[in-house]
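The values are calculated or read from the model by the stated rules, or taken from the named source; none is laboratory data. Please read these numbers as outputs of a predicted model, since none were measured by experiment. Here Cβ is always computed from backbone atoms with ideal geometry, including for glycine, and neighbour counts include all displayed protein chains.
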Amino acid sequence: MTEGEKTRLIAWSREMRAVHERLREALRVTRAAVDDGEAAEPATRDLLLFCHGFCAALTGHHEGEDRELFPAIAAAHPGLRETLRRLEQDHSMIAHLLTGVQAAVDRAASPAELGRHLEGIAAIMESHFRYEERRLLTVLETLTLDAAPHDVLGPL
């Protein structure tokens, strides 16, 4: 293996960490918009953009993992199939929670209600990311996957 190949392989683990950090930051910005009272009136345009952007980014990340990353890991590491199944279940649960927050935004819910939705998403998302990183980062350092990072980990 050449040094360039090794660098690209290790880069998958860095890519995942970087995407997780960008998603954490997007959630922080969205929660700050709610906490700052920007939604005191019917949902403001900025809050709608924050929520829509965050929901779309997190959904894209999970869809890319389900479509590209997890099948590649399962093929290379069959012993991780149960871990991947659990992560896919998390993706389904998070998608359900994202649908709830999007519905709340669409009906101009109160800041308190939006905050509760985001708090729930934050808790599940953080637990999911930590488990995923514990279980998969080492695997990603050796995974051969010929795909663009945005196809695998989402368009962030």
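Is it the case that some residue within segment 107-129 is of a type in the set (S, T, N, Q), surrounded by fewer than 19 Cβ atoms within 10 Å (Cβ to Cβ), touching a residue at least 40 places away in the same chain (Cβ under 8 Å) and within 22 Å of Ala18 (Cα to Cα)?
Checked segment 107-129: no residue is of a type in the set (S, T, N, Q), surrounded by fewer than 19 Cβ atoms within 10 Å (Cβ to Cβ), touching a residue at least 40 places away in the same chain (Cβ under 8 Å) and within 22 Å of Ala18 (Cα to Cα).
Restricting attention to helices (runs of 4 or more DSSP H) lying wholly within segment 1-120, give those where 3 or more residues are of a type outside the set (Gly, Ala, Ser), more than 28 Å from Leu136 (Cβ to Cβ) and at pLDDT below 90.
Fully inside segment 1-120 and qualifying: 45-64.
Which is touching an Asp or Glu at 6+ places or on another chain (Cβ under 9 Å) and of a type outside the set (Lys, Arg), of Val139, Val152, Val105?
That would be Val152, the only listed residue that is touching an Asp or Glu at 6+ places or on another chain (Cβ under 9 Å) and of a type outside the set (Lys, Arg).
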